[in-house]
Each structure stands twice: as structure tokens, then as C-alpha cells.
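Below is one structure, written out as C-alpha cells; the observations come after it.
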Amino acid sequence: MALRRRDKIQIYKLSALLSLVRWYNIFFLALAQYLTVIFVLNQPQHWRGYLLDPKVHFIVFASLFSVAAGYIINNFYDLEKDLINRPKKTFYEKILKQSTALRLYFVFTFTSLILAYSASLNVFLFFGAYNFSLWFYSHKLKKITFIGNMMAALLSITPFFAIFLYFRLEDLLILTYVSFLLLVIFIREIVKDLEALKGDVIVGYPTLPVTLGLKRTKWLIAFFTFSGLIPASLIFYKVGFSGIGYFLIFGLAGLFFSAGLLAFAEKREHFHYLNYLYRLLIIGGILSLVLLS
């Protein structure tokens with residue numbers, strides 16, 4: 001039986017919402033948190049006990065609703081720029097009215113706080129600060145050169161610290177590994193600004209490429225790529241050719257390969273493909289959490 005017009009509209013709205021909240025990023029965030037709980041923070045053979053702890057799920061889903069709310073409010077403030085940089089996708093997402101999107105933003109934020117409070121008061125305070133930071137970043141911080149990129153990377157990885165807070169993590173190896181992933185995410189944020197250069201110039205966003213220019217921004221990315229050797233060397237010194245050490249070799253090779261391609265990149269399409277390369281490195285880093293056990 002053919003779908004009725006109303007049903008089709010509802011499906012389109014749901015699809016637009018999933019696109020708006022970047023469902024694929026949310027999926028990998030959940031995966032990363034569960035892998036961290038099972039393989040990193042505790043003994044893997046006891047994984048059933050950890051997954052039966054409702055507070056773990058409260059924290060994970062509080063993270064997912066917070067991040068979804070963050071994407072919605074970020075798109076709200078970036079609408080003018082997105083219409084220039086990615087018009088087709090933005091028009092598709094506008095199937096959802098802005099008033100509806102804003103209502104969902106408040107619902108998602110409130111839901112994340114309820115879930116966080118169900119875990120503990122400390123987790124509630126953590127997510128209260130995190131939700132405020134997501135809004136403040138979208139409203140103010142992302143328009144500040146360099147600070148916007150750093151905050152975008154930091155906010156991407158902040159939900160991990162809710163898990164660390166609950167399990168009282170003090171493992172230097174894990175924190176060093178997280179810092180390496182943070183660096184890769186930070187570099188990707190700069191590459192995304194290179195991809196969005198046209199819209200940023202028209203709207204007046206003082207991003208690094210707009211402020212420094214294309215050539216200097218590439219040199220800055222090269223500098224941060226080489227700085228990745230510091231956390232990688234510290235981890236490799238401890239683990240050697242085993243477990244996470246293999247990913248570090250692959251990850252560093254991918255970083256330097258991407259930086260080499262970046263040196264010759266000029267068009268928006270080039271930066272678009274590089275963005276996906278860095279995303280693959282981040283996904284690889286998430287999946288490699290199992291090697292930290």
C-alpha cells in the first residue's frame with residue numbers, strides 16, 4: 001500500500017532531523033563510550049556487569065541528547081553560512097521549521113539533564129556546564145579565531161570525561177591517548193574551515209583560513225601534525241609494538257599522508273575529501289579503544 005502524503009511528510013521530517021543532529025557522529029560517540037567502559041576503564045571479562053549498570057546508560061544517553069541539542073543550536077546560528085557552503089543539504093534540513101528545531105533543542109537539553117541527574121549529582125552538574133558550553137560556543141566562541149576551533153574539538157570529546165568522572169579515571173595512558181585523538185579532531189576542525197572558506201568570508205567569520213590565509217593555515221596544520229608525535233611517542237614508549245601501538249603507527253602515517261595531500265589542495269572539493277580522511281582516522285581511533293585494555 002502506498003504511503004499517504006502525511007506519512008511521507010513525517011518520514012521526510014524524521015530524515016531531516018537525523019541529518020540535522022548528525023546521527024552518524026552520535027552513533028560513533030555512543031560506540032566510543034561503550035567501548036571505553038567495556039575495554040578501557042575496567043576488566044573486559046566483566047563487561048556484562050558494566051552494561052547492566054543503568055547509570056552507565058544514563059550517562060551515554062545524556063551525552064547523545066546533549067550533542068544532538070548542540071548540533072541543532074549550532075545549525076540555528078550557522079544558517080546563513082550553511083546556505084552558502086552546503087545549500088542542498090541545508091534546504092533539505094529546513095523541512096523542519098526553525099521553531100520546531102528550537103523546541104527540539106530545549107527538549108533534548110532537558111532530557112539530557114534528567115538522565116544525567118539519574119546518574120548522579122556530579123554528572124548532572126557536568127552536563128549542565130556542558131550544555132551551556134555548547135550554546136555559548138555556537139553563539140559566541142566559534143566566531144573567535146583559533147578559540148573556536150579548539151573549543152569545537154574539545155566539546156567533541158568532552159562526553160568521554162563524563163564516563164571518566166563516573167569511574168574516577170586517573171590513568172595517564174588513557175588521557176594521553178585521548179589527547180592524541182583531540183589533536184586529530186582539532187586538525188579536522190581547521191580543515192572544515194578551509195572547506196567552508198567561501199561562506200566564512202561572505203558572512204564575516206574570522207576563522208583561521210580567513211585570518212591567516214590559505215598558505216599559513218596549511219603550515220599551521222603541518223605544525224600540529226608534527227606535534228602529534230609527542231603524545232604518540234609517550235604512548236608508544238609505554239606499550240611498544242603491541243595493542244594500541246599498531247594504531248599509532250597507522251594513525252601517524254595517516255596524519256602525515258593527509259598533511260601531504262593538504263599541501264597540494266586548493267579547491268573546496270579537495271578539502272572536502274580531506275575532511276573525510278580525517279574522519280576515518282578519528283573513527284579508527286575510536287575503534288582502537290579496544291586495544292587499550
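The values are calculated or read from the model by the stated rules, or taken from the named source; none is laboratory data. Here the structure is a predicted model, which is why all the values come from computation and not from measurement. Methodologically, a virtual Cβ is constructed for each residue, glycine included, from the backbone with ideal geometry; neighbour enumeration extends over all protein chains shown.
Remark: L173 falls outside the filter, which requires a residue to be hydrophobic (A, V, I, L, M, F, W, C) and under 19 Å from the mean Cα position of the chain (by Cα).
Within the bounds of region 91-108, is there any residue that is farther than 19 Å from L14 by Cα, small (G, A, S), in a helix (DSSP H, G or I) and free of Cβ contacts under 8 Å to residues at least 12 places away in the same chain?
Initially, region 91-108 is screened for residues farther than 19 Å from L14 by Cα, giving none.
No, region 91-108 contains no residue that is farther than 19 Å from L14 by Cα, small (G, A, S), in a helix (DSSP H, G or I) and free of Cβ contacts under 8 Å to residues at least 12 places away in the same chain.
Restricting the search to region 109-126, which residues are of a type outside the set (G, A, S) and either outside any helix (DSSP H, G or I) or farther than 13 Å from A68 by Cβ (or both)? Within region 109-126, L113, I114, Y117, L121, N122, V123, F124, L125, F126 qualify.
Among helices (runs of 4 or more DSSP H) entirely within region 128-240, having at least 3 residues that are surrounded by fewer than 16 Cβ atoms within 10 Å (Cβ to Cβ) and free of Cβ contacts under 8 Å to residues at least 12 places away in the same chain singles out 214-227, 229-239.
Does S242 fit the bill of being out of contact with any Gly (no Cβ under 9 Å at 6 or more places or on another chain), farther than 20 Å from E189 by Cβ and at pLDDT 85 or above? No. Out of K198, K140, one residue alone is among the charged types (D, E, K, R), at pLDDT below 90, in the same structural domain as V60 (by TED's automatic domain parsing) and closer than 24 Å to N75 by Cβ. It is K140. Please tell me if S258 is outside any helix (DSSP H, G or I) and of a type in the set (S, T, N, Q). No: the conditions fail for S258.
Suppose the filter is within 15 Å of V21 (Cβ to Cβ) and assigned by TED's automatic domain parsing to the domain that holds I59; does Y105 pass it? When the stated conditions are applied, Y105 passes them. If the condition is being without any contact (Cβ under 8 Å) to a residue 24 or more places away in the chain and within 19 Å of the chain's Cα centre (by Cα), then region 259-289 contributes Y273, Y276, L277.
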